[in-house]
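S.K.: Structure in structure tokens, see below.
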Amino acid sequence: MNEYRGKHFSSVPWAVSSTASTHYRSRHMKRNRRRKKFWIALAVLILVLLAAPFVDARILRVDQVRLTSEDLPGDIGRLRVVFLSDVHYGFHFSDAQVSSLISSINQLKPDLVLFGGDIGDSPDDAIAFYRHLSSLHVRYAMLGVLGEADHGETALETSMVTDAMRAAGVIPLINELVPVRVGTSRIYVAGLDDVLAGKPSLTSVASNAAAEDYVILLCHNPSVIPESQRTEGKDGRLGWFDLALFGHTHGGQLAGLHGLLNIAADVEDRYRQGWLMENRSDLLISNGVGTSVLPARLLCPPQIHCIDISIP
């Protein structure tokens, strides 16, 4: 006997539209795939943006510039100067990077190589760096100044660094001007002690420089620029140097964010990065080669400078 189910009850289940169900699932799956692709792309973009400053800090650029000067002796023809600063050899700068750096310099076939200080993270690191220079090939001479990291805390540490420089064939310059023979002529390189860790003496250096000489001023910290422009040379005239080379600022290292790293807070913004012309003298504030505090760079890549100088 059949059980009574009511006159409106059907024993046959209602049909469900398979077409509508499939269409709904398809739209839902497409939306999910699009969302998944968006989040994956966003994650990749964020990773790239986070990684880029660390990668960029390891890609060395060569800044090639041509300058002219009437003070350059005419028989020199062309003088090629390679300048590098702020290597910060140590924990964040490896031996392999030093080898690559030296190879890059050798390819430029320099007449002079000038070191702008803070070559190591500490005096011991600076000493270790200079021991790598046996494979560096320079036509005439290598000269350098000290930065605050090279100085150390004692006179003994400073002396050990300058001894290592001499052993590597680099002439250390601490408040002195030296002649450099180039072919049958001479130019002059003036080197100042570091502003923060040493005792720079502009008057003792400038007083030996004549206006008609070609003089390259070398100092780690660009905060000396205003005073150097006011200092008189041997003949009582201003403009006693033709080219001045500085480091220390790292170009800000993280452009727009240098205040976070407190890099070169002692240097006014005008002298933070790049080439300038003041009082008929060419000035360069280098980005440097290495990094400080954080092994990353943003919009101020590591660089060395290849400067070709000739008469007009």
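The values are calculated or read from the model by the stated rules, or taken from the named source; none is laboratory data. Model, not experiment: these values are computed from the prediction. Virtual Cβ from ideal backbone geometry, glycine too; neighbours counted across all protein chains shown.
S.K.: Test of understanding: among ILE304, ILE309, which residue is surrounded by 22 or more Cβ atoms within 10 Å (Cβ to Cβ), modelled with pLDDT of 95 or more, over 20 Å from ALA206 (Cβ atoms) and more than 16 Å from the chain's Cα centre (by Cα)?
M.R.: ILE309
S.K.: While we're on this one: Would you check if ALA167 is at pLDDT 95 or above, more than 28 Å from GLU227 (Cα to Cα), of a type in the set (Gly, Ala, Ser) and touching a helix residue (DSSP H, G or I) at 6+ places or on another chain (Cβ under 8 Å)?
M.R.: yes
S.K.: Condition first: of a type in the set (A, V, I, L, M, F, W, C), closer than 25 Å to PRO301 by Cβ, in a helix (DSSP H, G or I) and modelled with pLDDT under 95. Can you find one or more residues in the stretch 76-96 that meet it?
M.R.: yes
S.K.: Counting residues that are charged (D, E, K, R), which helices (runs of 4 or more DSSP H) fully inside the stretch 144-260 reach at least 2?
M.R.: In the stretch 144-260, the matching helices (runs of 4 or more DSSP H) lie at 148-151, 155-167, 225-230.
S.K.: Under the condition of being over 16 Å from the mean Cα position of the chain (by Cα) and at pLDDT 95 or above, which residue from the stretch 241-267 is nearest to SER292 (Cα to Cα)?
M.R.: By that ranking, first place goes to ALA244.
S.K.: Oh, and also: Taking the stretch 206-242 on its own, how many of its residues are under 19 Å from HIS305 (Cβ atoms), of a type in the set (A, V, I, L, M, F, W, C) and surrounded by 24 or more Cβ atoms within 10 Å (Cβ to Cβ)?
M.R.: 6
S.K.: Mind listing whichever residues of the stretch 101-130 are more than 17 Å from the chain's Cα centre (by Cα) and within 16 Å of ALA168 (Cα to Cα)?
M.R.: Hits for the stretch 101-130 are ASN106, LEU112, PRO123, ASP124, ASP125, ILE127, ALA128, TYR130.
S.K.: Here are some conditions: (1) within 28 Å of LEU67 (Cα to Cα); (2) at pLDDT 95 or above. THR184 meets all but one. Which one does it not meet?
M.R.: Exception for THR184: condition (2).
S.K.: So is GLU153 of a type in the set (D, E, K, R) and at pLDDT 95 or above or not?
M.R.: So GLU153 fails the test.
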